[in-house]
Amino acid sequence: MCTQYITLRPAPIPNITNQNTKKRPTTGPLYQRIFIPSHVYRHPSAVLLELCTSLKELHQILPLVIKNGFYDEHFFQTKLISLFCKFSSISEAARVFETVEQKLDVLYHTMLKGYAKNSALRDALKFFGRMRFDEVSPVVYDFTYLLQLCGDSLDLTRGREVHGMVITNGFQSNLFAMTAVVNLYAKCRQVEDAYKMFERMPQRDLVSWNTVVAGFAQNGLARRAVQLVLQMQEAGQKPDSITLVTVLPALADVKALRIGKSVHGYAFRAGFESKINVWTAMLDMYFKCRSVKNARLVFKGMSSRNVVSWNTMINGFEQNGESEEAFAMFLKMLVEGVDPTNVSMMGALHACANLGDLERGRFVHRLLEEKKLGSDVSVMNSLISMYSKCKRVDIAASLFGNLKQKTIVTWNAMILGYAQNGCINEALNLFCEMQFHDIKPDSFTLVSVVTALADLSVTRQAKWIHGLTIRTLMDKNVFVCTALVDTYAKCGAIQTARNLFDMMEERHVITWNAMIDGYGTHGYGKNALDLFDDMQKGSVKPNEITFLSVIAACSHSGLVEEGLYYFESMKEIYGLRPSMDHYGAMVDLLGRAGRLDEAWKFIQDMPVKPGISVLGAMLGACKIHKNVELGEKVADELFELDPDEGGYHVLLANMYASASMWEKVARVRTAMEKKGIKKTPGCSLVELRNEVHTFYSGSTNHPQSKRIYAYLDTLGDEIKAAGYVPDSNSIHDVEEDVKEQLVSSHSERLAIAFGLLNTSRGTTIHIRKNLRVCGDCHEATKYISLVTGREIIVRDLRRFHHFKNGSCSCRDYW
């Protein structure tokens, strides 16, 4: 075949010369880069259009083509319409179509394809109706385009109508048409109908098999999809890479690791080593099946990798809680010269967020700016979340404020950021601003707001947001309802939480966890265990958080043997690996019950080095039971891990104080002063008429301070008369009356007095405290509930105390 080149200039049409030895130019203006194989030279207009790679180039060439008189050629008109459709300019394609006086059928078919690819289903069907009106006979591809669009639009009704036209036009046995019909029903989640259509096909090729396999796989029927792959092989069709890439994600979703390994073996035997998409899907499957080791081996054995493979590794490690590995993989990717994408950056930012590593987060932020990837709103959302989780909500707020384009995800990230950092008012204000801008909240927005209100522990606010979820028709959303259950429990309304839990039509594992944890923190350990038994009888499997909540509930209620049993069943029956939090809960369970030797032996026998939470629980138990010798040993190990943790220094000092070892108390406090460690001041909150009042120990800056302190004096006399005896053993070197005064001015006492003074008889007082309630305040509050006839609910750092008629729900076991 003779290869011909021409050099185009605006006019006239140049002569053709044979230049077989001349290479095709690859640079310069478009008209100097034209290469025409001889079999298309007879259509010079088409030559110009074949070279266009964008709408801009098409607009540049179009005037030259019109000037040279090619516009009236049918071949040109069809090609021009096709290119406008290809470049998503359906309006310009329609203008060209309407100017053609004598429209050939091929022009209609090309135009319909353009509508199907670039317009709404309504417009494509309207044009198809025009075709029929103009008496244009449809071809099979017209129906495949329409069926594809119906499937993408999830419009089953219109799809059935098009299917009917396929039959009436005699294409019910056509391979391409019926494959499109199968695809339609599969995408509209009518997989059984899709399978019926597939079975009626007189002939099937690899594409039709892959279509029905994808239908079952993408509708969550992974095992049926695998069965079809086996049938496919029995029918003589060999699965290709597309088959495997279709099946593997479905297996990942249902955690079918064993079948996934079989697919892995088939891929190896079938010689798909060079198919990056297959091995990337394999990586994803192993990660989602929690088989990180196998994912590492697959990645290591890949002969070639692309950026998607690297991103899968980064996100896979992150999803499996291995944030350090995820960030290390991100760095390795950079070292190997692979340019990161937005997905890579988001994976790295999520790793930094979960690690709480601000320095590495800032490194990724700088890299974003260097690579000019910071304009993507999804990346900015991840950046806002990272700074929020790294306790720099101020930087997150600055980024949010400077963003010109904000999605609902952006607002959600910032609201949740405020909530996670204790900025409750800011979270609520931003939520109100969001509504002011007519941005409709979604389920994640409401979950974020509910999370903020849970920290506030105000029942009135919980009822307000509950009402909003009903008005926005999200009261059936499992995640919103779960957050409400958690919020009501944290507001002290444990029965309301249970009522809502019982009304839920769907319950996720986190729903059960929230209710079990709610019972546990309120001291209702038996209720928590009964609920856990109900969970085990159902279809929802308990996870690591479930067992943590169960063991904690046992700890709060003194159910030691039950806690030991569930810890063992977690490992033996459910195959779950205990985390450091589980070990800490077990030490707390044993230590709180006074079984200090067992708790210490448990720590010594741990398969991992005990962390701060474990040793902290042990030190707390030593303080409760006044075992100074063991407490000192624990403290030494604890301060090796974190020498600057103020809370544990205070706990050690309190342990010495309870044993009247004042010299050692002074030594600890001196060490704290030298290190610059400050004791966290006690703070209590009480809500009154939609306003939250904050009290600190010994504070006098509240407008009602004089009245509060005067009432506390009167109340003190009343509770003493009822049998209360002050416990001021933790205070040294001051007179006894001063000791009593110091103890009586603790923040929770001030908050309780304020609540009693400003509410009517019978009103329950709700108090939130940032630290554990001290022994004397706990005893005093019992007597206050007795002499005032009020119920007082106190939520401290660890649990709830319901004081009523002189007793506490914890039964003094706390």
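The values are calculated or read from the model by the stated rules, or taken from the named source; none is laboratory data. Owing to the predicted nature of the structure, the values given are computational and were not obtained by experimental measurement. Glycine also receives a Cβ, built like all others from the backbone with ideal geometry; neighbour counts cover every protein chain displayed. Only protein heavy atoms, including side chains, enter the accessible area calculation; ligands, DNA and RNA are left aside. Shrake-Rupley method; radii C 1.70, N 1.55, O 1.52, S 1.80 Å.
Count the net charge of all other residues whose Cβ sits under 10 Å from the Cβ of TYR286, scoring Lys and Arg as +1 and Asp and Glu as -1.
With Lys, Arg at +1 and Asp, Glu at -1, the net is +4.
Find the centroid of the Cα atoms in the range 626-645 and in the range 648-682, then give the distance between the two in whole Å.
The two parts, judged by their Cα centres, are 12 Å apart.
Of GLU135, GLU779, GLU568, which has the most accessible area with a 1.4 Å probe, and how do the rest follow in descending order?
So, going from the largest accessible area down, we get GLU135, GLU568, GLU779.
Working with all protein chains in place, sort SER303, SER660, SER382 by solvent-accessible area computed with a 1.4 Å probe, largest first.
So, going from the largest accessible area down, we get SER303, SER660, SER382.
Hey, how many Å between the Cα centroid of the range 459-500 and the Cα centroid of the range 533-593?
The two parts, judged by their Cα centres, are 26 Å apart.
How large is ³J(HN,Hα), in whole Hz, for each residue of the range 331-339 in order, when computed from phi with the Karplus curve 6.51 cos²θ - 1.76 cosθ + 1.60 and θ = phi - 60°, using x for Gly and Pro?
Karplus values, whole Hz, x for Gly and Pro: 5, 4, 4, 5, 4, 7, x, 8, 5.
What is the distance, in nm, between label points placed 7 Å from the Cα along the Cα-to-Cβ direction at GLU718 and at HIS59?
The answer from the label model is 8.2 nm.
When the solvent-accessible surface of protein heavy atoms is calculated with a 1.4 angstrom probe, in what order do LEU651, LEU468 fall, highest first?
LEU651, LEU468
How big is the convex hull of the Cα atoms of the range 130-247, per residue, in Å³?
It comes to 95 Å³ per residue, whole-number rounded.
Can you pull out the chymotrypsin sites (Phe, Trp or Tyr not before Pro) in the range 127-221 whose DSSP state is coil and whose Cβ has at most 12 other Cβ atoms within 10 Å?
When the chymotrypsin sites (Phe, Trp or Tyr not before Pro) of the range 127-221 are filtered for loop state and at most 12 Cβ neighbours within 10 Å, nothing remains.
If I model a spin label at LEU206 and TYR574 as a point 7 Å from the Cα along the Cα→Cβ vector, what separation in nanometres do I get?
The answer from the label model is 4.6 nm.
Estimate the FRET efficiency between TYR141 and HIS437 by the formula 1/(1 + (r/R0)^6), using the beta-carbon distance for r and 45 Å for R0, to the nearest 0.05.
0.50
Please compute the net charge surrounding VAL650, taking Lys and Arg as +1 and Asp and Glu as -1 over other residues with Cβ under 11 Å from its Cβ.
Computed value for this residue: +4.
Going through the range 472-562, which GluC sites (Glu not before Pro) have at most 12 other Cβ atoms within 10 Å and a DSSP loop state?
GLU505, GLU506
How much length, in nm to one decimal, is gained on full extension between GLN495 and THR680, taken as 0.36 nm per residue of separation minus their Cα-Cα distance?
63.3 nm
Please report, in whole Å³, the volume per residue of the convex hull around the C-alpha atoms of the range 305-407.
About 90 Å³ per residue, rounded to a whole number.
Pull out a ≥ b ≥ c, the square roots of the eigenvalues of the alpha-carbon gyration tensor of the range 197-260, then state rounded if a/c is under 1.5, prolate if not and a/b is larger than b/c, and oblate in the remaining case.
Judged from the Cα gyration tensor, the range 197-260 comes out prolate (a/c at least 1.5, a/b above b/c).
Of the listed values [x] -0.24, -0.37, -0.51; [y] -0.28, -0.42, -0.58; [z] -0.18, -0.28, -0.40, grab the one calculated as log10 I(q)/I(0) by the Debye sum over Cα atoms at q = 0.04, 0.05, 0.06 Å⁻¹ from the structure here.
So the calculated entry is the one marked [y].
Can you work out ³J(HN,Hα) from phi for every residue in the range 289-295, in order, using Karplus 6.51 cos²θ - 1.76 cosθ + 1.60 and θ = phi - 60°, giving whole Hz and x for Gly and Pro?
Calculated HN-Hα couplings, in order: 8, 6, 9, 5, 4, 5, 4 Hz.
If you stretched the chain out fully between ASP533 and LEU230, how much longer would it get, using 0.36 nm times the residue separation minus the C-alpha to C-alpha distance?
105.0 nm
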